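Please treat every number below as a calculation from the coordinates, not as lab data. Given the structure is predicted, the values throughout are model-derived calculations rather than measurements. Neighbour counts are summed over all protein chains in view; Cβ atoms, including those assigned to glycine, are modelled from backbone coordinates with ideal geometry.
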Amino acid sequence: MTPREKLHKGILELGLAVNEQQEGALFQYLQLLEKWNQKFNLTAVRDINEMVSLHLLDSLSIAPFINTRTLLDVGSGAGLPGIPLAICFPDIQVTLLDSNGKKVRFCRQAIMELDLKNAQAVQARIESLEADNSFGQITSRAFTGLDNMVKLLEKQLSDKTQLLAMKGALPGDEIEFLQKSGYQVDTQTLNVPFVHAERHLLKICR
């Protein structure tokens, strides 16, 4: 199975309404990531076939839970899950946030080449963001521990903002800490095509 065929099959298994143009853009992003990764070490995943499942399909697995007009992707790295979500949700404004210059430069190049009018990449630390509460949802993919994450995002999290934290195995101690700290935590098992390891989504709000 070619990487393109694997992507198509995975999208079908996820049951996503992705049109041909969007699927093409997702694969173009994948090709850019593989190309840049050879020089700039953006991700530890080197094989493009593994990138399809471990990066693209993993990112798209949370698509059914996106219900906002404004999305902040913290610790976005090479644009995951922010860029795949921006491709699939053209009506949502997506802000990719990372402090790593080379990764932000890649994101900006990908946004330009993919002509994503609804995405922007910002190089900054989370704690430097102003508390404007303009984001309906915040995504995070294997960024840091939940206790540290909510501390860093304290200015951004409100009763109108939901944090979507992507995790592998359920971090029971971290969930318990959040609940004792006054946060509501809902857990969702994610079934990512071609990925056999555990995947979970934690929906967190005040």
Check your understanding: Percent relative contact order of the range 3-205, based on C-alpha pairs within less than 8 angstrom and at least six residues apart?
Key -> 18 percent
**Study point:** Quotient of Cα Rg and 2.2 N^0.38 Å for the range 88-159, N being how many residues it contains
**Key:** 1.17
Practice item. Take the Cα of D147, step 7 Å along the line toward its Cβ, and report every residue of the range 182-196 whose backbone nitrogen sits under 13 Å from that point. Key: none
Study note, to complete from the structure: Cross-link reach from K203 to lysines, straight Cα distance under 20 Å and at least 8 residues apart if same chain, gives K151, K155, K160, K167, K180
Practice item. Name the lysines eligible as straight-distance cross-link partners of K35: C-alpha to C-alpha under 22 Å, and not fewer than 8 places from it in the same chain. Key: K6, K102, K103
Check your understanding: By per-residue mean of other Cβ atoms within 10 Å, what is the highest-first order of 83-90, 46-53?
Key -> 83-90, 46-53
Check your understanding: Between Q179 and Q21, what is the spin-label point distance in nm, taking each point 7 Å from the Cα along the Cα→C-beta axis?
Key -> 4.6 nm
Exercise for review: Sticking with the crude label model, points 7 Å out along Cα→Cβ, report the distance from T187 to Q123 in nm, one decimal please.
Suggested key: 3.9 nm
Practice item. May I ask you to compute the full-extension gain from N67 to E130, defined as 0.36 nm times their residue separation minus their alpha-carbon distance, rounded to one decimal in nm? Key: 20.4 nm
Review point. Using mean Cβ contacts within 10 Å as the protection proxy, how do 176-188, 106-118 order, highest first?
Key: 106-118, 176-188
Check your understanding: Roughly what would the spin-label model give for S99 and D115, points 7 Å off Cα along C-beta, in nm?
Key -> 3.7 nm
Review point. Any idea how far the Cα center of the range 142-206 sits from the one of the range 17-46, in Å?
Key: 26 Å
Check your understanding: For L12 and K203, what is the calculated FRET efficiency with R₀ set at 22 Å and r taken between the beta-carbons, to the nearest 0.05?
Key -> 0.30
